[in-house]
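Notes follow once the structure below has been shown.
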Amino acid sequence: MSDFIALVELQVPAAVPAASAEPGLAPGWLGRALESVVVWIVLLLAWWVASVHLPLGDNPLLPSPLITARALWESLPELWAGTLSSLTILIPGFALATLLGIVSGLTVGTSARLQRIFLPFAKVAGPVPPTVYIPYAIAILPTFKLSAIFVVFIGAFWPIFQNAVAGAHALGQRYRDNARILGLTRFEYQRRVVFPAALPHIFTGMAVGLAFSFILLTVAELFGANAGLGRFVQYYADFADYPKMVAGILYTGLVTFLAMTILDGVRRRSLFWLK
Amino acid sequence: MSPGLKLEGVGFAYDTTQVLQDINVTIPEGQFVSLLGASGSGKTTLLRLAAGLDPVDSGRLTWNGAPIVGPSLERGVVFQDYALFPWLSVVDNVEIAIAKAKPTVRKAERLAEAARYLGGLGLGAAIGKYPGELSGGMRQRAAIARALALGSPLLLMDEPFGALDPVNRARLQDLLLEVWEVATPRKTIIFVTHDVDEAIYLGDRLVVLGSSPGRVIADLEVPLQRPRERRSLLDSHSLHALREQVSATLVQDTLQRLKAA
């Protein structure tokens, strides 16, 4: 889990002191902009060269960038409908996981007794790969949508719960003393002290949870959806329509990136006080 | 019922270490007591006991005759490390104290009152700022404003100026005396410090703790008139004599401890 957190937390460091490691010319804004897109340009060129010059047949598994772009353009209405369909699974599942994960995580994290009761269970149930619940959830719940929401919820819940517990745990002694001196009630303590203090941890959990949500969403859609992003890719793969399939993959990547960016923006705004 | 803070044979142990042993001190209401001692002499522990953050292991600890069993708004605390909530603006940090002290007052009035306290400590221009945006001295002013806003008759201060530079330190010492001297009735203050000059300049009385285990090794009146004038005090004979006496007591305690070890 910690590796995964590290992976999700991995961000392009804004102004790395790399400039100081390479004495002499520090790149200007144009140079930096070029550096940040160089991998894209190389990959795009390699893709283009490979699709033009390799003998891949009439319906290549690697359609050229131009053909893919056309497929993407043509599929946009369908992809947009798929996005909306996916979001009706993702948003309820992730929102519920966030709400319950925070409330239960902070409640458990501030009570030694609740920790003794729940943490042994969480230790076993948390690491179970949520994908294994998918067939069962589909069999047990009345609609596909409900089972997919449930699976997204399970996947996002544990990282948020565990990080909320860790955040409540990490609360400094001085804040606890302060809350006691001010005579805060248990609820005020949770809302005005523990919750904000645990927010950095909670956002880490939410980032992991959101990444899990997308994985589970697309996997669940492979099983039984009639719309959605994962479904789109699977559908055109079944018909060997590789341009549309690749377009679907790129589009899904973009949507995931946007969602993570929005979450990161919320995190920055909420943690402005953090020094 | 005896007014003020009374410690009768108070002891406290942490695991197997006796931190405080047989402390007997009576602090009348309105007195400013400086609590001195080397690090490890249990000054902070004593303050935590008086605040009700930790329970005494032996003896009796009472405030105005009633045993201290937990934290109460009667006893405000200012910690060394500021301990403002960094996610609340300065004015909200004070407002949260007023909300507990005066739950019936409306929010707008509480904010106005918080702004008044902050203004009184020279933070009028910084009320909307967050603790992370302030200097150490400003944060400590805000922490004092919050403790005052609780309206507690007893104020427990744990090396509140310990992390400040000398100029800010002197400024805040004067500010604290000013605030304390104008109030009626005066608050009872226990001010923990390991700076002998600070202890003398501020206090009516010095209580000196020796270490291992913490116990009272000196209890002295400070024979200086108020209001005190920093500049003229520098040449005062009684200040020098007192400083010598306290320093000698502390050195002797350290030597004894080294010999025992």
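Derivation of every value follows stated rules applied to the coordinates shown; laboratory data play no part. Since the model is a prediction, treat every value here as computed from it, not as a measurement. Because the Cβ atoms are built from the backbone with ideal geometry, glycine has one as well, and the counts that use them run over all protein chains shown.
Can you check how the C-alpha radius of gyration of chain A compares to 2.2 N^0.38 Å, as a plain ratio?
1.23
Given the protein assembly as shown, what percent of its DSSP beta bridges are antiparallel, to the nearest 5?
Values: 20 of 40 bridges.
Once the DSSP bridges in the protein assembly as shown are tallied, antiparallel ones form about 50 percent.
Which entries of B:LYS102/B:LYS187; B:LYS107/B:LYS129; A:LYS275/B:LYS102 have Cα-Cα distances beyond 22 Å here?
A:LYS275/B:LYS102
One-quarter of the Cα convex hull surface for segment B:39-124, in nm²?
7.8
Would you mind ranking A:MET245, A:MET260 by Cβ crowding within 10 Å, fewest neighbours first?
Numbers: A:MET245 22, A:MET260 16.
Result, fewest neighbours first: A:MET260, A:MET245.
As a footprinting exposure proxy, order B:LEU5, B:LEU156 by other Cβ within 10 Å, with the fewest listed first.
Neighbour counts put them in this order, fewest first: B:LEU5, B:LEU156.
Helix-derived [θ] at 222 nm for chain A: sum -39500 (n - 2.57) over DSSP H runs of at least 4, divide by residue count, nearest 500? Please report the intermediate quantities before stating the final value.
On the way: 12 runs with 212 residues, N = 275.
Result for chain A: -26000 deg cm²/dmol, rounded to the nearest 500.
With unit charges on the beta carbons (Lys and Arg positive, Asp and Glu negative) and the dipole taken about the Cα centre of chain B, which residue among B:SER211, B:LEU118, B:SER34 sits farthest to the positive side?
It is B:LEU118, whose Cα lies furthest towards the positive end.
Could you compute the FRET efficiency for B:ALA183 and A:LEU30, with r as their C-beta to C-beta distance and R0 at 45 Å, rounded to 0.05?
0.10
Ratio of alpha-carbon Rg to the 2.2 N^0.38 Å globular estimate for segment A:124-250, to two decimals, please.
1.46
With everything on Cα atoms, drop me the angle between helix A:195-224 and the longest principal axis of chain A, reported from 0 to 90° to the nearest 10.
Between helix and principal axis, roughly 40 degrees.
Multiplying the sequence separation of A:TRP273 and A:THR143 by 0.36 nm and subtracting their Cα-Cα distance, what value in nm do you get?
Values: separation 130, 0.36 × 130 = 46.80 nm, distance 4.38 nm.
Extra length from A:TRP273 to A:THR143 when fully extended: 42.4 nm.
For segment B:109-167 and segment A:217-275, compute the distance between their C-alpha centroids and round to whole Å.
Using only Cα atoms, the two centres lie 49 Å from each other.
In whole Hz, with x marking every Gly and Pro, tabulate ³J(HN,Hα) for segment B:113-128 from phi via Karplus 6.51 cos²θ - 1.76 cosθ + 1.60, θ = phi - 60°.
Calculated HN-Hα couplings, in order: 5, 4, 5, 5, 4, 5, x, x, 9, x, 10, x, 7, 10, 5, x Hz.
How far is helix A:173-182 tilted off the main Cα axis of chain A, in degrees rounded to 10, range 0 to 90?
The two axes meet at around 50 degrees.
How big, on average over all directions, is the shadow cast by the Cα convex hull of segment B:140-261, in nm²?
On the way: hull surface 33.8 nm².
For segment B:140-261, averaging the hull's shadow over all directions gives 8.4 nm².
Taking Rh as the Kirkwood radius, which is the inverse of the mean 1/r over Cα pairs, what is the Rg/Rh value for segment A:91-186? Don't skip to the answer; put the middle values down first.
Working: Rg = 16.4 Å, Rh = 14.8 Å.
The Rg/Rh ratio comes out at 1.10.
For an R0 of 51 angstrom, estimate the FRET efficiency from the Cβ-Cβ distance between A:ASP264 and B:VAL69 and round to the nearest 0.05.
E between A:ASP264 and B:VAL69, to the nearest 0.05, is 0.65.
From the mean inverse distance of alpha carbon pairs (Kirkwood) and the Cα radius of gyration, derive Rg over Rh for segment B:1-95. Walk me through the numbers on the way to the answer.
Numbers: Rg = 14.8 Å, Rh = 14.7 Å.
Expressed as Rg/Rh, it is 1.01.
Using the Kirkwood radius over C-alpha pairs as Rh, can you work out the diffusion coefficient of segment B:82-151 via Stokes-Einstein at 20 °C, viscosity 1.002 mPa s, in µm² per second?
Taking Rh from Cα pairs, D becomes 187 µm²/s.
PRE reach from A:ALA227 (point 7 Å along Cα→Cβ): which of segment A:134-153 fall under 20 Å by backbone N?
A:142-152
Where does the protein assembly as shown land on the Kirkwood hydrodynamic radius, alpha-carbon pairs, in angstrom? Could you put the intermediate results ahead of the total?
Details: mean 1/r = 0.0354 Å⁻¹.
Answer for the protein assembly as shown: a Kirkwood hydrodynamic radius of 28.2 Å.
I want to check the label-to-label distance for B:ASN24 and A:ALA95. Put each point 7 Å from Cα in the C-beta direction and report it in nm to one decimal.
Label at B:ASN24, label at A:ALA95, 6.8 nm between them.
Take segment A:192-275, drop everything but the C-alpha atoms, weight them equally and run the Debye formula without solvent; then report log10 I(q)/I(0) at 0.21 Å⁻¹ to two decimals.
The Debye formula, applied to the Cα set alone, gives -0.93.
Cross-link partners among lysines for B:LYS259, C-alpha distance below 29 Å, same-chain residues fewer than 8 apart left out?
Partners within reach: B:LYS43.
Once phi is turned into ³J(HN,Hα) by the Karplus curve 6.51 cos²θ - 1.76 cosθ + 1.60 with θ = phi - 60°, what whole-Hz value does each residue of segment B:63-70 show in order, with x for glycine and proline?
Result, rounded to whole Hz: 10, 6, x, 9, x, 8, 10, x.
So what are the radius of gyration and Dmax for the Cα set of chain B, in Å?
Every Cα atom of chain B included, Rg and Dmax give 18.6, 61 Å.
Output the 0 to 90 degree angle, nearest 10, between the alpha-carbon long axis of helix B:237-260 and the longest principal axis computed from the alpha carbons of chain B.
60
Report the label-to-label distance for A:VAL103 and A:ILE249 in nanometres (one decimal), using points 7 Å from each Cα along the Cα→Cβ vector.
4.1
Any chance you could check the Cα centroid distance between segment A:49-114 and segment B:182-249 for me, in angstrom?
Each part's Cα centre sits 68 Å from the other's.
Where nothing but the Cβ of Lys and Arg (+1) and of Asp and Glu (-1) is charged, how large is the charge dipole of the protein assembly as shown around its Cα centre, in debye to the nearest 20?
Charge dipole, the protein assembly as shown, about its Cα centre: 1020 debye, nearest 20.
Calculate, for A:ALA170 and A:ASP58, the FRET efficiency according to 1/(1 + (r/R0)^6) with r their C-beta to C-beta distance and R0 56 Å; round to the nearest 0.05.
0.40
If you rank A:TRP40, B:TRP180 by fewest surrounding Cβ atoms within 10 Å, what's the result?
Placing the least packed residue first, the sequence is A:TRP40, B:TRP180.
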